[in-house]
Amino acid sequence: MTRRISLALVLHNHQPVGNFGWIIEEVFGRAYEPMIGALERHPGVRVGLHYTGPLLEWMGRERPDTIQRLRALVARDQVEMLGGGLYEPILASLPERDRRGQLMRMSSELERTFGARPRGAWLAERVWEPALPGDLASAGYEWTVLDDNHLRSASVPEDAMWGTYTTDDQGELLTIFGTEQRLRYLIPFGEVEAMIDHLRDNASEDGHRLGIMGDDGEKFGAWPNTFDHCWGKGQWIERCFSALEENADWLTTTTPSAWLDREPPLGRIYLPTSSYVEMSQWVLPTEESNLFGQLLHRAQEQKLPEARFLRGGFWRNFQRRYSEVNSLHKQMLRASRKADSMPDDPDRDRALDHLYQGQSNDCYWHGLFGGIYIVHMRMATLAHLIAAEDLADTWAREAHRRGPGGWPDGLSIQDFDLDGLDEALLATPGQVVMVDPATGGGISSWDLRASRVALASVVRRRPEAYHQTLIDYEDRLAAESARAPAGSGSGDHSESGALKSIHDIVTVKEPGLSKRLQYDAHERLGGLVHILPSDAERIDADALRECRFEELGDFVAEPFELTEATDERLVLRRQGRVHVTGQDQPLSVSKTLSVGGARLDPWLELAVTVESGAGAALEFELALGWDIDLMGGGGNPAAYYELPHGDDGPSRSPHDGSGDAADLERLWFGNEDAGVRVDVLLNPPARATWYPIETVSNSEAGFERIYQGSGMFLRWPMSLAPGASGTVEARFTVGQARDLRASEG
């Protein structure tokens, strides 16, 4: 009797909120459109397809013919469309109301576009938590796709993964399709024959076994070196689909729902919190991530059965690992509460749409396929959250209502980031400023409402586990180049000739990147007080960028006391120490932060007073550190610094460059594309030193430098007699060329 098996292919096509149009265009041409063409040529191959909300919107706008082609494939029952969260959030990270809102909106959009409501949901990054069945089922979903890693964590044996399982929560049922790891890597990185043989080896006489391959659609042409493999000389997809049709007598392709309608589940399981195994490694702290990666690799290489029990970390700990992720998440929760308080009208719909876009998952974690370091996506995510909160605050202001976060303008003191310590928030019609007394009294966020720019969104430079991979790779490359002829490396293919998985390829976009690794000793907050040596003339932009300077005081990351707080002003004080003349001396620092202005021209002023104790006279340099993100990477001519004293008037330089200027009473910085220009008044005149803040990050495209923002030190020499004091002031007035809320109607 012929042994038979079925195969369910599910492709997840992902483009996030805020991605550049040219990137989507490129990926569409290299992966998405060729796959649709292949399906049209091979009507015997049935698949499930998932497109994220931003990608569907882009195709509807830029490639409406593609939507028509997909409709035809759906109509002939060859393609099943998957739903999920509209803007692909990590559902488990959202309030319950937003989980269901995202799921229902995506379901409605697919029904409107393709004529049928989806039965299956794609979970972003396959992040699973046990409460999800209720949310998915209540939104009309019957099944989802997870990894075999999830099933292993529930003690499902390897040979029992060829089918479906049910799970439930609070009386709601959900079916789990577990994608098989070997298939996930064979398609398309192995040989077509190996894939067919693997399926044949796992076929059964009763034909009740199902192989499931659910993975990213981008790996079929958009990942490095895959286009030629899949669509060019390699013709992998054409050969694969032909082989599936040629073996249709024993190998049947099916959509997940078609399988669900005719085959019972293998049993019931309850899954712990989990994601795919790489994600569970990325979430770990650097040293633990390296250790776990080595242990997992060794266990898999030796084919140890114990490897199946190795589990890494819990996805939510990205909020612990990256303070910026936690801040983003808590800002999202704040915007969600406010949007939910609005009455049911068009403004609420607009606020919810901005909120949902601000929940797009990419900037709430970091790994090979996304993360908080991707600055243009981070700024887009924050822009949508700013917009959602602004719409809610505008309604509350006009209705004279106190919202869930307090009054829309003025002072709020509470534990916004849920770290057990209070922060202070000052809101005006034009800006929202968050101050963290516990961390140097620094400004943790500075959001402009009209232009929706998060000025202070600059990421700290941290050690990452993959930095050691980069160092080892460059060391090995240097050693090999010294003893081997050029071009003798193994490249992107394994010893067998098969294309390597993206997880196994090391690519660098420029040589010597490991020499550019720099790490910050503290969070990058605005208005932090630095006490530098009196001979600080030698501390130039490179020294600041590389953190090659001596910090004499204890004011950067230590707590300040909030001694005065009104709707327009905060006063913070710290009695600290400064190390001069070979010993510690007492020094008091008082910071007064004031805000004001209208919607299009808000201002922020920071006055800092330093007062010596009764000990020795003190000489040092007082510096206020500011970190600004105006999307100036790549020498963007729209983003600039401007000084008043060029040979022919004001002089401009790129915002991602370095510079140093003394005796400044005034300077400007801005971004013409964003319509933002900031006028900085300094009293007394100060020295300004600025430099780019760059991380070395890894992605599917390889290791690269990413511009995160610009650091700027405003610097004054201080000479204090015992008991004397001195005060400096920096006033930032923002001009905004347009109001995005007004332009939306």
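The values are calculated or read from the model by the stated rules, or taken from the named source; none is laboratory data. This structure is a prediction, so every number in the text was calculated from the model and none was measured. When we count neighbours, we look across all protein chains shown, and the Cβ atoms used for this are built from the backbone with ideal geometry, even at glycine.
Numbers for the structure displayed
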read-out: Residue check for Val74: closer than 22 Å to Asp216 by Cα, among the β-branched types (Val, Ile, Thr), in a helix (DSSP H, G or I) and at pLDDT 95 or above; value: yes
read-out: Matching residues in the range 348-381 - criterion: being within 11 Å of the chain's Cα centre (by Cα) and in a helix (DSSP H, G or I); value: Asn361, Asp362, Cys363, Tyr364, Val375, His376, Met377, Arg378, Met379, Ala380, Thr381
read-out: Test: residue in the range 404-426 that is over 22 Å from Ala598 (Cα atoms) and at pLDDT below 90; value: yes
read-out: Filter pass, Met434 being surrounded by fewer than 21 Cβ atoms within 10 Å (Cβ to Cβ) and within 22 Å of the chain's Cα centre (by Cα); value: no
read-out: Criterion (touching a residue at least 24 places away in the same chain (Cβ under 8 Å) and out of contact with any strand residue (DSSP E or B) (no Cβ under 8 Å at 6 or more places or on another chain)) met by exactly one of Lys219, Lys233; value: Lys219
read-out: Residue, nearest to Thr469 (Cα to Cα), within the range 288-310, restricted to residues that are over 29 Å from the mean Cα position of the chain (by Cα) and assigned to a loop (DSSP other than H, G, I, E, B); value: Gln302
read-out: Filtered residues of the range 337-347 (kept if charged (D, E, K, R) and in a helix (DSSP H, G or I)); value: Arg337, Lys338, Asp340, Asp347
read-out: Number of the condition not met by Asp249 [criteria: (1) buried (at least 20 other Cβ atoms within 10 Å of the Cβ); (2) farther than 23 Å from Val156 by Cα]; value: (1)
read-out: Residue match in the range 106-117 (condition: modelled with pLDDT under 95 and closer than 23 Å to Met279 by Cβ); value: no
read-out: Answer residue from the range 617-659, given it is without any contact (Cβ under 8 Å) to a residue 12 or more places away in the chain and among the small types (Gly, Ala, Ser) and is surrounded by the fewest Cβ atoms within 10 Å (Cβ to Cβ) among those; value: Gly649
read-out: Given (1) buried (at least 20 other Cβ atoms within 10 Å of the Cβ); (2) under 37 Å from the mean Cα position of the chain (by Cα), number of the condition Asp216 does not satisfy; value: (1)
read-out: Residue match in the range 230-252 (condition: touching a helix residue (DSSP H, G or I) at 6+ places or on another chain (Cβ under 7 Å) and hydroxyl-bearing (Ser, Thr, Tyr)); value: no
read-out: Leu714, sole failed condition from (1) within 19 Å of Lys591 (Cβ to Cβ); (2) surrounded by fewer than 17 Cβ atoms within 10 Å (Cβ to Cβ); value: (2)
read-out: Residue count for the range 392-440, restricted to those that are among the acidic types (Asp, Glu) and assigned to a strand (DSSP E or B); value: 2
read-out: Evaluation of Arg599 against (1) under 31 Å from the mean Cα position of the chain (by Cα); (2) within 24 Å of Leu525 (Cβ to Cβ); (3) at pLDDT 95 or above (one fails), failing number; value: (2)
read-out: Number of positions in the range 452-476 that are among the polar types (S, T, N, Q) and either free of Cβ contacts under 8 Å to residues at least 24 places away in the same chain or buried (at least 24 other Cβ atoms within 10 Å of the Cβ) (or both); value: 1
read-out: Candidate set: the range 602-613, residues that are of a type in the set (A, V, I, L, M) and surrounded by 18 or more Cβ atoms within 10 Å (Cβ to Cβ); chosen: the one nearest to the chain's Cα centre (by Cα); value: Leu604
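Residue-by-condition table, conditions (1) closer than 30 Å to Pro95 by Cβ; (2) more than 21 Å from the chain's Cα centre (by Cα); (3) not assigned by TED's automatic domain parsing to the domain that holds Gln181:
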{"position": "Phe241", "(1), (2), (3)": "no, yes, no"}
{"position": "Pro264", "(1), (2), (3)": "no, yes, no"}
{"position": "Trp282", "(1), (2), (3)": "yes, no, yes"}
{"position": "Thr286", "(1), (2), (3)": "no, no, yes"}
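Residues are listed down the side, and each one gets a yes or a no for (1) within 27 Å of Val127 (Cβ to Cβ); (2) surrounded by 17 or more Cβ atoms within 10 Å (Cβ to Cβ):
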position: Ser336; (1), (2): yes, yes
position: Ile372; (1), (2): yes, yes
position: Ala380; (1), (2): yes, yes
position: Ala387; (1), (2): yes, yes
position: Leu391; (1), (2): no, yes
position: Ala396; (1), (2): no, yes
position: Ala399; (1), (2): no, no
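Condition check ((1) in the same structural domain as Asp601 (by TED's automatic domain parsing); (2) assigned to a loop (DSSP other than H, G, I, E, B); (3) over 25 Å from the mean Cα position of the chain (by Cα); (4) in contact (Cβ under 8 Å) with a residue 12 or more places away in the chain) across all residues:
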site: Ala661; (1), (2), (3), (4): yes, no, yes, yes
site: Ala674; (1), (2), (3), (4): yes, yes, no, yes
site: Val680; (1), (2), (3), (4): yes, no, yes, yes
site: Asn698; (1), (2), (3), (4): yes, no, no, yes
site: Gln708; (1), (2), (3), (4): yes, no, no, yes
site: Gly726; (1), (2), (3), (4): yes, no, yes, yes
